[in-house]
Amino acid sequence: MILVVKISSETEVNLTRRAFTAGLGAAPFIRARKAFAAGEELAVSVTNHSEPEVCAEKDNIQIDFLSADVRRMRVRAVHPAYIGSVGLDRAEPDWTACDMSGDASFPSPEREARLWSSPDFWLVGWTYPSFWREQDVPVRIGNRLERGFHLVQLWMNYRGEPAEVLVFYPRDGYWRARPLPYGNLRWTAYGSSFLIGPVEIQERPLVAFNEVAFDPATLSFDLAFARGGSARIAFAGIDQSEIKLDVSYSAAMPDRRAFASLRSMYTSERVADVARVAWRAPGASAWDEAPVLNFSGAPAVTELWAGRRAQSRHNLSAPDMIFSHFASAASSGPT
């Protein structure tokens, strides 16, 4: 696990000091200052299964990442380029042109539980009366096993206020991440989701877990996949610009399935969480870029960005997503 909060030198010192009392020790913060080791970039295949959609509340964007060799990668959620001009944000659902009669609803939760806490971070679980996938997935915190949660949030103490920085849904494997609020903003919106593990379709794309384990000592998540194998998601840094997550896999994905997927929404340039895609091929001196619905995929990609250039009426401050630092078992990955 590697965690750095680069807000200011004073904040970093204070957080490091608190980490000792929380049992984290100094090593994670020391390792965080190391960059990825130099080595050959691993190229992965990217496919685009996105489809046009008029409803702003449906995830019609699906970009899959495939490779039999990948064992590590980095996922980043980065504030959009225009974040400095955001004064008043909006994150309310937009049901215009939507028929949600066949989708599960999310009424008020019937259970909320604080699963773990330290001076700077805490984990909260939520249970709702219904969820589209009923398969229960246990969540382990240290040596304690919890069941029945549909949603789990990781919160952070920032500027004396709670900031939700990561959320996941144990029953279908969806994750969302966001950086700390930019400038004087009190909060920023969630946008795109991502899947980590063997992606499959059961009504919609998902990753099936046998268990998700949270390690309080390292602030990392261990994912045991129902189809076999496992992965770990660990922080590599978080500040007012971005959140970085390092992902490591125990083995290749079964049945040549995607090892990760981006899920998002697009109806138009002005109503979208992702409107454009840019990608870099091995050894390329420039990036390729295309509107998300025109992106035909790429056979060899070392880095992919998905986000917005123009301001959107939908989740205005939601972050862009970047997938990079792909590495094989034999290559030097994140440290």
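The values are calculated or read from the model by the stated rules, or taken from the named source; none is laboratory data. From a predicted model like this one, the values you see are computed outputs, not experimental measurements. Ideal geometry is used to build each Cβ from the backbone, glycine not excepted, and the neighbour counts take in all protein chains shown.
Summary table below
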{"quantity": "Filter result for Ser193 (of a type in the set (Ser, Thr, Tyr) and exposed (fewer than 15 other Cβ atoms within 10 Å of the Cβ))", "calculated": "no"}
{"quantity": "Residue selected from region 300-325 under the condition charged (D, E, K, R) and either touching a His at 6+ places or on another chain (Cβ under 9 Å) or at positive phi (or both), by the criterion surrounded by the most Cβ atoms within 10 Å (Cβ to Cβ)", "calculated": "Asp320"}
{"quantity": "Residue list for region 93-109, filter: under 24 Å from the mean Cα position of the chain (by Cα), at pLDDT 75 or above and among the charged types (D, E, K, R)", "calculated": "Asp94"}
{"quantity": "Listing of strands (runs of 3 or more DSSP E) fully contained in region 189-296 that carry 2 or more residues being of a type in the set (A, V, I, L, M, F, W, C) and either over 24 Å from Asp59 (Cβ atoms) or touching a His at 6+ places or on another chain (Cβ under 8 Å) (or both)", "calculated": "209-215, 230-238"}
{"quantity": "Residue within region 157-168 that is within 17 Å of the chain's Cα centre (by Cα) and surrounded by 22 or more Cβ atoms within 10 Å (Cβ to Cβ) present", "calculated": "yes"}
{"quantity": "Residue check, Ala113 within 27 Å of Met321 (Cα to Cα) and either more than 22 Å from the chain's Cα centre (by Cα) or touching a residue at least 12 places away in the same chain (Cβ under 8 Å) (or both)", "calculated": "no"}
{"quantity": "All positions within region 127-140 that are surrounded by 18 or more Cβ atoms within 10 Å (Cβ to Cβ) and free of Cβ contacts under 8 Å to residues at least 60 places away in the same chain", "calculated": "Phe131"}
{"quantity": "Residue in region 291-299 that is buried (at least 19 other Cβ atoms within 10 Å of the Cβ), over 15 Å from Asp64 (Cα atoms) and at pLDDT 95 or above present", "calculated": "no"}
